[in-house]
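Colleague: This is the structure, below, for whatever I ask next.
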Amino acid sequence: MDYLININPAYLNLAYVLAAVLFIIGLKGLCRPRTAVRGNILNATGMLIAVLATVPIMLREGYGPGKPLVSGFSTIGLVVAAVLIGSVIGVFFALKIRMTSMPQMVALLNGFGGGASVLVAGAEQLVKKKDLLEGNTVELNVSIAILASGLIGAVTFWGSLVAFAKLEEYKSFKKPFFYPGLKTINALLGIIAIVLFVWGVMHPESTAIYWALVLLASVLGLTLVNPIGGADMPVVIALLNSYSGLAAASTGFVLGNSVLIIAGALVGASGVILTQIMCKAMNRSMTNVLFGTMGPSASAPSADDVYGGKVKSTTADEVAMMLDGARRVVIVPGYGMAVAQAQHAVSELAEYLESKGVEVDFAVHPVAGRMPGHMNVLLAEADVPYDKLREMDEVNPTFSQTDVAIVIGANDVVNPVARTDPNSPIAGMPILDVDKARTVVIIKRSLSPGFAGIPNPLFAADNTLMYFSDGKKAILDLLTALKE
Amino acid sequence: MTRHGFLVPMLRVGTPSFRRSASVAGGDAERRGQCVPTEDRGNEDKVAKFLNESKIMDTFIVNFTIFVLACFVGYEIITKIPPLLHTPLMSGSNAISGITLVGSLVAAGSGFVALISTDGLVSVLGFLAVLFATINVVGGFLVTDRMLSMFKKKD
């Protein structure tokens, strides 16, 4: 053990550099599906190296010259216990979670990351207080970084938990919770947080100010995320992801640890980029997503005007007949497919059609589902080869050569109003041009509106057939009809 | 500002921090090219304080430089990741943010010093932090692996 403790810190810092390099190479591996598995393993290896390199530092903190031997051993015991319990819980989550619930999983894990930052900074605050009582000086930037970790970490923790509750569709979180004056309250909380922050920097010995700031940040996490609707959660999760990165980076500033800073910056960048992509795909600014309200405008036509007498309903047999003569079919999945757990049935349908010589593609809108890339994961799970999963820009020009477009559980992302009505809440949002296909089949339970709360004229278009049914049942019936 | 004029102070701030020490006296510091304020020269306490402060500032600047550069690297790499893999990217980068585990371990370590001397609160916080961060790391990497291994090309 002495050898471990007396190890030259330069070696440990080199190990941290190696870990950071592995993170960068690992993320680079995620650029292609073929190299992605290896990239993830490189990331995990980097993490293992960073953790192992920390063990001697940890031992030196707990066991060293003049410190009782027992402390070193009990430190190890405590840490090993926490790591074991944490691993078991982590493995359990990772293996048990269904692919449809992946957004909840990411939100929850994100919350744990934020929570860890709050706790680390809390512990460091106590150590700092002890240092000050012993007459040592504490660096200003350490005080700032501790408070920043606590603030960002607490917002991330509670914000992620609210996002989790919304994604799980718990009753009390289902409706965007909005009341007048919320913005004023949030602004007020924000100002108090800044005041507490400055006060905490001026009184580095006070643990109470730190926890007061954490408490305030917790309230802020709740009130900031709660008014945001379920379909905007992709943006919120991406943003919270970048916060957890920033929390890690500021913990890195506290401890003067470069690998925390680098990893935190990488994660922060990733979250910010995903947030930008999501906002662009909805043609909304981040401010609008986070603080605006989404809903039908007063001038929007009512559902009766749009649908009145023009909606044609269809049956499995009729769709099967149409598919028999089709040369190219595009399937457009949305969140409804995930809810109906229909991905396996959809994959089976695609496979059957391909075996009959039909060209089948999947058109995936960037904000389909409840997190970036959600639909791709579901379809990959159902054994759809990834080269069949087409991005919006790639697939849109092909709709005019498509015989049948099957829309399952998607609504706003195929609403042509986005192109035509500049006053609609989704005006300017890039959409999948399914209305350009020869025939559009929409599998949906009813004519109920999507998240934007507006009617979809596509449902009443001349080339559209509505196939009213549960998503999974509809596809299975269709398969039976096709095979007859 | 000229290119030259911009670069020189950057280099002076960035590099010599490892050679500095708070105990260096004024004359010594001047020989090393430090800018000790004229009125403080010869006053050892003030010089020491000045050098200590500039050392702290240097550490911060070095860390901040690392942070800014890493942000650029992250931006360059992550914009190249296709939407196809955005969910695994989120869960994977999420697991990386569990790097706070490293911070947690140090905090848990210093915890027992406090446990023996004053109270166990630090170690309780450290224990929970390690627990939370481990869930984040292990769960994150494993679920990412599970997802990525599902992505297959048509055979």
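Colleague: Using the structure shown, decide if A:V120 is within 9 Å of chain B (Cβ to nearest Cβ), aliphatic (A, V, I, L, M) and open to solvent by less than 10 Å² (accessible area, probe 1.4 Å).
Modeller: yes
Colleague: From the list A:A368, A:A350, pick out the single residue that is at pLDDT below 90, more than 9 Å from chain B (Cβ to nearest Cβ) and closer than 15 Å to A:I408 by Cβ.
Modeller: Among A:A368, A:A350, only A:A368 is at pLDDT below 90, more than 9 Å from chain B (Cβ to nearest Cβ) and closer than 15 Å to A:I408 by Cβ.
Colleague: While we're on this one: Hey, A:K67 hits all of (1) within 9 Å of another protein chain (Cβ to nearest Cβ); (2) assigned to a helix (DSSP H, G or I); (3) at pLDDT below 90 but one; which does it fall short on?
Modeller: (2)
Colleague: Take the residues of segment A:202-257 that are polar (S, T, N, Q) and within 19 Å of A:G268 (Cα to Cα): which is surrounded by the most Cβ atoms within 10 Å (Cβ to Cβ)?
Modeller: Ranking the candidates gives A:S244 first.
Colleague: Can you tell me which residue among A:T223, A:T251 is part of a helix (DSSP H, G or I) and facing chain B (nearest Cβ under 9 Å)?
Modeller: When all the criteria are applied, what remains is A:T251.
Colleague: To continue, here is another question. When the residues of segment A:439-459 are filtered to those that are of a type in the set (S, T, N, Q) and in contact (Cβ under 8 Å) with a residue 60 or more places away in the chain, which remaining residue is nearest to A:I228 (Cα to Cα)?
Modeller: Among those residues, the one meeting the criterion is A:N456.
Colleague: A further question follows. List, please: which pairs have Cβ atoms under 7 Å, are six or more places apart or on different chains, and start with a residue in segment B:67-94 that is facing another protein chain (nearest Cβ under 7 Å) and end with one that is among the hydrophobic types (A, V, I, L, M, F, W, C) and open to solvent by 40 Å² or more (accessible area, probe 1.4 Å)?
Modeller: That search, which allows pairs on different chains as well, returns B:V73/A:I24; B:I77/A:I24.
Colleague: Identify all residues within segment A:8-44 that are more than 25 Å from A:G373 (Cα to Cα) and open to solvent by 40 Å² or more (accessible area, probe 1.4 Å); write none if there are none.
Modeller: Within segment A:8-44, A:N8, A:P9, A:A10, A:Y11, A:N13, A:L14, A:V17, A:L18, A:V21 qualify.
Colleague: A:P301: out of contact with any helix residue (DSSP H, G or I) (no Cβ under 8 Å at 6 or more places or on another chain) and under 23 Å from A:D435 (Cα atoms), yes or no?
Modeller: yes
Colleague: Does B:N63 qualify as being closer than 18 Å to A:V254 by Cβ, modelled with pLDDT of 80 or more and crowded, with 16+ Cβ neighbours inside 10 Å?
Modeller: Spelling it out, B:N63 is indeed closer than 18 Å to A:V254 by Cβ, modelled with pLDDT of 80 or more and crowded, with 16+ Cβ neighbours inside 10 Å.
Colleague: Taking A:A82 as meeting all but one of (1) facing chain B (nearest Cβ under 8 Å); (2) under 19 Å from the mean Cα position of the chain (by Cα), write down the number of the exception.
Modeller: Of the numbered conditions (1) facing chain B (nearest Cβ under 8 Å); (2) under 19 Å from the mean Cα position of the chain (by Cα), the odd one out for A:A82 is (2).
Colleague: Working only within segment A:45-54, note down all residues that are open to solvent by 20 Å² or more (accessible area, probe 1.4 Å) and either of a type in the set (D, E, K, R) or facing chain B (nearest Cβ under 7 Å) (or both).
Modeller: Across segment A:45-54, the qualifying residue is only A:V51.
Colleague: Residues in segment A:346-367: is at least one among the basic types (K, R) and crowded, with 24+ Cβ neighbours inside 10 Å?
Modeller: Among the residues of segment A:346-367, not one is among the basic types (K, R) and crowded, with 24+ Cβ neighbours inside 10 Å, which makes the answer no.
Colleague: Looking at segment A:123-143, which of its residues are of a type in the set (D, E, K, R) and either at the interface with chain B (Cβ under 8 Å from one of its Cβ atoms) or not in a helix (DSSP H, G or I) (or both)?
Modeller: Within segment A:123-143, A:E124, A:K130, A:E134, A:E139 qualify.
Colleague: A:I152 - would you say it is of a type in the set (A, V, I, L, M, F, W, C) and either open to solvent by less than 10 Å² (accessible area, probe 1.4 Å) or facing chain B (nearest Cβ under 10 Å) (or both)?
Modeller: Answer is no for this residue.
Colleague: Just wondering, is there one or more residues in segment A:156-165 that are modelled with pLDDT of 90 or more and either more than 23 Å from A:G230 (Cβ to Cβ) or open to solvent by 80 Å² or more (accessible area, probe 1.4 Å) (or both)?
Modeller: Checking segment A:156-165: at least one residue is modelled with pLDDT of 90 or more and either more than 23 Å from A:G230 (Cβ to Cβ) or open to solvent by 80 Å² or more (accessible area, probe 1.4 Å) (or both).
Colleague: Then there's this: Here is a list of conditions, (1) out of contact with any helix residue (DSSP H, G or I) (no Cβ under 7 Å at 6 or more places or on another chain); (2) within 18 Å of A:L109 (Cα to Cα), and A:A263 meets all of them except one; can you say which number that is?
Modeller: A:A263 satisfies all of (1) out of contact with any helix residue (DSSP H, G or I) (no Cβ under 7 Å at 6 or more places or on another chain); (2) within 18 Å of A:L109 (Cα to Cα) except (1).
Colleague: For A:F173, work out the one condition from (1) open to solvent by 30 Å² or more (accessible area, probe 1.4 Å); (2) in contact (Cβ under 8 Å) with a residue 40 or more places away in the chain; (3) under 19 Å from A:Q125 (Cβ atoms); (4) among the hydrophobic types (A, V, I, L, M, F, W, C) it doesn't fulfil.
Modeller: Result: A:F173 fails condition (3) only.
The values are calculated or read from the model by the stated rules, or taken from the named source; none is laboratory data. All values derive from a computational prediction rather than experimental measurement. Note that we place each Cβ from the backbone using ideal geometry, even for glycine, and neighbour counts take in every protein chain shown. Heavy atoms of the whole protein, side chains included, go into the accessibility calculation; ligands, DNA and RNA do not. Shrake-Rupley method; radii C 1.70, N 1.55, O 1.52, S 1.80 Å.
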